[in-house]
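Structure, as structure tokens:
The values are calculated or read from the model by the stated rules, or taken from the named source; none is laboratory data. None of these values were measured; they are calculated from a predicted model. Don't worry about glycine lacking a Cβ; one is built from the backbone with ideal geometry, like all the others, and counts go over all protein chains shown. All accessible areas refer to the heavy atoms of the entire protein, side chains included, with ligands and DNA or RNA removed. Shrake-Rupley method; radii C 1.70, N 1.55, O 1.52, S 1.80 Å.
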Amino acid sequence: MYYFDMGVLVFKEDMTMPANRDLSVMRLTKQNSFTRYHGHDFYEFFFLSDGSLTENRNGRRYVLKTGDSLLIRPGDFHGYPEWRKEEFVFYNLTIRKSLWKELERLSPTLPFSGLTRAEQPRFLNLQGDDFEFCRYTLDWLIRLENESSRRQGCLNFLSRMVLQFWGESHPFVSEGAPLWFNRLMNRLDEQNTLKEGTGFFKEASPVSYEHLSRLFKKHTGQSPSAFIRSRRIALARTLLVGSDLTVGEVAEECGYENLSHFHHQFRSDTGESPLRYRKKHSGFQ
């Protein structure tokens, strides 16, 4: 294992971990980091502890803010094209694929494989006690002199964050609901499924739509169409704040074929137009 504390990091287009290392933890700023758009063959937990940072991730532009964290997987591509103009401090914890698999085997109740299979890297904004825990723990891990203790600390921290990512990303588990129903509900995290809307449920459900509607009402308090609408608006708010997609492109990503209908539903649910919401909550104009 190795680590950098304020060390210089140079990314190539395809990064690999040295053969004798399976973990690293680093703290970086614009003064000592240089990042091209790149992929790598390992996992990377990223945490922005201060400032803001523009990121290109899998062909899309995002603006990361203090408290933002994400898990980059083998096969994902990202980079920070505007790092020279921005002030930031970020940490990352990198994990070799074989170690990730070993953690998955040793902790079968933790959702390591689910995070790997997700359509996009999992994103989480940490605030309050969660933010302080993350920053304090990463600083502590960097300062540790005992390599064995540092390694075990990294693994414990990673396990907690994996569980937190999954818990935030998959909030729906209703006791008493059929297993297939919970699984269908959690598939709404797949963006193409959310685009299909009620059509997906009609196609994938093993029961009639009338029976499905009763299950929705019982376990969510909403009809299928109202539940999907709330998830679409939640995704639209995320894309308006965190990407440079046009309002029309956001509407399309969220499953709206009619832009006027999207504007109407967004204003009804948030009290603001999509453009006003973006200007108020992000740096995009």
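Within the range 89-123, the set of residues being aliphatic (A, V, I, L, M), closer than 18 Å to residue 154 by Cβ and touching a residue at least 12 places away in the same chain (Cβ under 8 Å) comprises 93, 95, 99, 103, 110, 115.
Taken residue by residue, the range 76-83 has at least one member that is in contact (Cβ under 8 Å) with a residue 40 or more places away in the chain, under 14 Å from residue 28 (Cα atoms), out of contact with any strand residue (DSSP E or B) (no Cβ under 6 Å at 6 or more places or on another chain) and surrounded by fewer than 21 Cβ atoms within 10 Å (Cβ to Cβ).
Considering every residue within the range 218-234, establish whether at least one is touching a residue at least 12 places away in the same chain (Cβ under 8 Å) and either in contact with a Pro (Cβ under 9 Å, 6 or more places away or on another chain) or not in a helix (DSSP H, G or I) (or both). No, that holds for no residue.
Could you pull out every one of the helices (runs of 4 or more DSSP H) wholly within the range 67-165 that has 2 or more residues that are at pLDDT 80 or above?
97-106, 128-143
Which one is modelled with the lowest pLDDT among residues in the range 169-196 that are open to solvent by less than 20 Å² (accessible area, probe 1.4 Å) and closer than 18 Å to residue 238 by Cβ? This residue is 169. Here the range 104-158 is the region considered, the condition is being within 16 Å of the chain's Cα centre (by Cα) and among the basic types (Lys, Arg), and the residue that is farthest from residue 27 (Cα to Cα) is 117.
Taken together, 220, 238, 246 contain a single residue that is open to solvent by 30 Å² or more (accessible area, probe 1.4 Å), under 15 Å from residue 182 (Cβ atoms) and either at pLDDT 90 or above or not small (Gly, Ala, Ser) (or both), which is 220. Summed over the range 10-43, residues that are open to solvent by less than 50 Å² (accessible area, probe 1.4 Å), at pLDDT 80 or above and in contact with a helix residue (DSSP H, G or I) (Cβ under 7 Å, 6 or more places away or on another chain) total 5. Evaluation of residue 106 against the conditions (1) surrounded by 15 or more Cβ atoms within 10 Å (Cβ to Cβ); (2) farther than 30 Å from residue 235 by Cα; (3) among the aliphatic types (A, V, I, L, M) shows that the sole unmet condition is (1).
Would you pick out the residues in the range 44-63 that are in contact (Cβ under 8 Å) with a residue 60 or more places away in the chain and either buried (at least 18 other Cβ atoms within 10 Å of the Cβ) or more than 19 Å from residue 116 (Cα to Cα) (or both)?
If the condition is that a residue be in contact (Cβ under 8 Å) with a residue 60 or more places away in the chain and either buried (at least 18 other Cβ atoms within 10 Å of the Cβ) or more than 19 Å from residue 116 (Cα to Cα) (or both), then 45, 47, 49, 52, 57, 60, 61, 62, 63 are the ones that fit.
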